[in-house]
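To keep things clear, I will list the structure first and then write my remarks on it.
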Amino acid sequence: MTREAIFEASIGYFLGPVRTYLEDPTITEIMINGHDDIYIERRGRLERTPAKFVSADALLSAVHNIAQFVGREIDENRPVMDARLPDGSRVHAVIPPSARRGTYLTIRKFSREVMNLDELIRLGSLSDIAREFLEICVRLHKNIVVSGGTGTGKTSLLNALSTSIPAEERIVVIEDSSELRLNQPHVLPLEAQQADSNGRGGLSIRQLFVASLRMRPDRIVVGEVRGGEALDMIQSMISGHAGSMTTVHASSPRDAMVRLETLSLMSDVSIPVYVARAQVASAIHLIVQLSRFSEDGSRRITRITEAHGLENDQYQFRDLFVTQLRGRTKGGRLIADLEPTGQLPTFAKEAHEQGMGERIRLTANMWLR
């Protein structure tokens, strides 16, 4: 019996009270707020469940079991742990005394289905015309940021966008915890590593990014930027590594740019604010904004926005697509269309200049000859 098989069997035992939720493909997240308070997220909505662990110690034992198999340590001095289950699901645990109501355990389930643009259209998150525009932008090597709040589907959308990358390109994928699954033949996934209890063996996103620049990438995909690695990414985008894609936590395109600017300033390289702002403005071409609608739990692209430089030291934006709400279905689901605004991107001539005229069918009005 392999170590992974033992781990899987052990998880099945220790997480017995939530096993049915782990196996249910309609559930995306399991939130354990103490041994007797368990919620799930199903189709974008939170539901409280009747499930309970027999005691606080039983839940804590489950967390220690996970820690043992993934080589992490969690105790009163290190009360927070990030890990991954054998099926790829992400686990975040916080134990007392930091967790005031008992042990908190959050499991973001790993979807075995790779989301693609067709699926996003079927779900109503994307329109056919917006899909064609984004596919052409990816092939034009535009630097794209997927922006959204927690649980809006940023990673799924990034994975779907990556399907438009040509198969002949060499792609380096950098993630804190591996979730992206690119199907191109020349993909090099890199994953950050936590240091051991003695501070050894750790490898940050930033260190991986610096290493990736020496690997002759045609394109770099970063699962999410959260710290000083933003500066390295931004500088690589403006110095020959165009076509990069990443996600960032932000509620609007402007917030996404400000967030990248702030993260760049967190680097150990000291730069003035105006320099960080100018570099972010030069690097980012498109922001794809995601939102989750509380009315029906749906996740949708609400805006595709071009960032086009600075004016009076302020970011300049141009909404190219905006979601228009049309009403509701009989089942209460929102009806919405992601439609062009009529504005042209500043790079409207590039598609024809790069010989992509054959790919233009629905978006002819957005590209100039």
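Nothing in this text is a laboratory measurement; each read-out follows from the coordinates by a stated rule. Fair warning: this is a prediction, and the values are worked out from it, not measured in the lab. With ideal geometry, Cβ positions are generated from the backbone for all residues, glycine too; neighbour counts draw on all protein chains shown.
Taking 0.36 nm per residue of separation and subtracting the current Cα-Cα distance, fully stretching the chain between Asp37 and Arg78 would add 12.4 nm. Highest mean packing first, where packing is the average number of other Cβ atoms within 10 Å per residue, the peptides 356-363, 90-97, 299-306 line up as 299-306, 90-97, 356-363.
Annotation: amide H-H contacts under 5 Å for Glu29 (H modelled 1.01 Å from N, sequence separation of 5 or more, or interchain): Glu41, Lys109. For region 249-289 versus region 42-105, the inter-centroid distance based on Cα atoms is 33 Å.
Charge tally around Asp37: other residues with Cβ under 12 Å, Lys/Arg +1 each, Asp/Glu -1 each, net +2. Computed from Cα atoms, the angle from the helix 128-139 axis to the main principal axis of the chain rounds to 90 degrees.
Between amide H atoms placed 1.01 Å from N, distances below 5 Å from Ile174 occur with Leu190, Val221, Val222, Gly223, all of them 5 or more places distant or on a separate chain.
Note: region 225-279, Cα convex hull, 74 Å³ per residue.
Dividing the convex hull volume of the alpha carbon atoms of region 9-124 by its residue count gives 110 Å³ per residue. Annotation: average projected area of region 150-264 is 7.7 square nanometres, based on the convex hull of Cα atoms across all directions. Packing here is the average count of other Cβ atoms within 10 Å per residue, and on that basis the peptides 70-82, 314-326, highest first, run 314-326, 70-82. If you take the square roots of the eigenvalues of the alpha-carbon gyration tensor of region 126-181 and sort them as a ≥ b ≥ c, do you get rounded (a/c under 1.5), prolate (a/b over b/c) or oblate? Verdict is oblate for region 126-181. Were the residues from Ala195 through Glu47 laid out at 0.36 nm apart, the gain over their Cα-Cα distance would be 49.7 nm. Between 0 and 90 degrees, rounded to the nearest ten: what's the tilt of helix 56-70 against the longest Cα principal axis of the chain? Between helix and principal axis, roughly 60 degrees. Once C-alpha pairs closer than 8 Å and six or more residues apart are averaged by separation and normalised to the residue number of the chain, the relative contact order reads 13 percent. Estimated from helical segments only, the mean residue ellipticity of the chain at 222 nm is -8000 deg cm²/dmol, where each DSSP H run of four or more residues counts as -39500 (n - 2.57). Its relative contact order, with pairs defined as Cα atoms under 8 Å and 6+ residues apart, puts region 218-285 at 39 percent. For region 117-366, the Kirkwood estimate of the hydrodynamic radius, built from every pair of different alpha carbons, is 18.7 Å.
Peptides 98-111, 2-15 ranked from most to least packed give 98-111, 2-15, packing being the mean of other C-beta atoms within 10 angstrom over each peptide's residues. Taking the DSSP beta bridges with both ends in region 143-290, the antiparallel portion is around 5 percent.
In this label model, Ile121 and Leu325 are separated by 2.6 nm, measuring between points 7 Å along each Cα→Cβ vector. Centre-to-centre separation between the Cα atoms of region 152-172 and those of region 336-354: 20 Å. DSSP finds beta bridges in the chain, and of those with both partners inside it, around 70 percent are antiparallel. Placing pseudo-labels 7 Å out from each Cα toward the beta carbon at Ser251 and Ala99 gives an inter-label distance of 2.8 nm.
Each Cα pair under 8 Å and six or more residues apart adds its separation to the average, and for region 1-147 the resulting relative contact order is 19 percent.
Between the helical axis of 273-283 and the dominant principal axis of the chain, each derived from Cα atoms, what acute angle in degrees is found, rounded to the nearest 10? Helix 273-283 sits at roughly 70 degrees to that axis. Count charges around Phe209 for me, please; just the other residues with Cβ under 9 Å from its Cβ, Lys/Arg as +1, Asp/Glu as -1. Within the 9 Å Cβ shell, the charges total -1. Around Val91, with a cut-off of 14 angstrom between Cβ atoms, what is the net charge of the other residues, counting Lys and Arg +1 and Asp and Glu -1? Neighbour charge sum, excluding Val91 itself: -1.
Can you work out the base-10 log of I(q)/I(0) for region 1-48 at q = 0.21, 0.27 1/Å, using the Debye formula on its C-alpha atoms alone? Cα-only, vacuum Debye calculation for region 1-48: -0.76, -1.00.
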